[in-house]
Amino acid sequence: MTAHGVFSIVSAVYNAEEYLDAFLESLTEQRYPFALLDIILVDDGSTDGSLAKIQAWQLKHPQQIRVLTGSNGGPGAARNRGLELARNPWVTFCDPDDVLDPAYLERVARFIGRDRHHRA
């Protein structure tokens with residue numbers, strides 16, 4: 001297991017095959033160290049190739065990406081399942097059709113670091 005970071009990213013995945021590569025590539029391209037990310041992808045009963053795609057990403061990045069599967073319960077239920085497994089103190093919920101700016105997590109980490117009450 002890698003060192004602990006600040007962020008766990010939980011994403012409810014449902015029939016998002018066409019967007020997943022761009023989303024996950026945007027996570028690997030973050031200025032914040034990818035090795036410190038805890039990414040939880042919850043396949044919510046997809047009927048396209050989403051599950052196979054996220055499993056392939058997990059094989060490439062087993063320390064950062066975990067995959068859960070289940071029957072379709074909606075994004076809220078899928079996010080809650082992922083939230084239960086979050087390892088890092090700050091959780092962000094990203095949708096699989098999002099593409100994050102490369103500085104996104106770095107900026108948030110810097111902001112959190114200025115909070116004198118924050119304890120990671």
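The values are calculated or read from the model by the stated rules, or taken from the named source; none is laboratory data. Predicted model, so just to flag it, every value in this text is computed and none were measured. Just so you know, the surface numbers come from the protein's heavy atoms only, side chains and all, with ligands and any DNA or RNA stripped out. Shrake-Rupley method; radii C 1.70, N 1.55, O 1.52, S 1.80 Å.
Structural remarks
- Rounded to whole numbers, the Karplus 3J(HN,Hα) couplings from phi for the range 96-112 are x, 9, 7, 10, 8, 4, x, 9, 3, 5, 4, 5, 5, 4, 5, 4, 4 Hz, using 6.51 cos²θ - 1.76 cosθ + 1.60 with θ = phi - 60°, and x at Gly and Pro.
- For the chain, alpha-carbon Rg relative to the globular expectation (2.2 N^0.38 Å, N residues): 1.03
- Probe 1.4 Å, protein heavy atoms only - accessible area per residue of the chain in square angstrom: 55
- Ellipsoid fit via the Cα gyration tensor, the range 23-77: semi-axes of 22, 12, 10 Å, each the root of five times an eigenvalue, largest first.
- Placed amide H near Asn88: partners under 5 Å, 5+ positions off or other chain: Ser8
- Computed on the Cα atoms alone, the convex hull of the range 53-120 gives a volume of 124 cubic angstrom per residue.
- Counting protein heavy atoms only, the chain has 51 percent of its accessible area on carbon and sulfur, 1.4 angstrom probe.
- The HN-Hα couplings worked out from phi for the range 80-88 by the Karplus form 6.51 cos²θ - 1.76 cosθ + 1.60 (θ = phi - 60°) are 4, 5, x, 4, 4, 9, 4, 9, 9 Hz, whole numbers, x standing for Gly and Pro.
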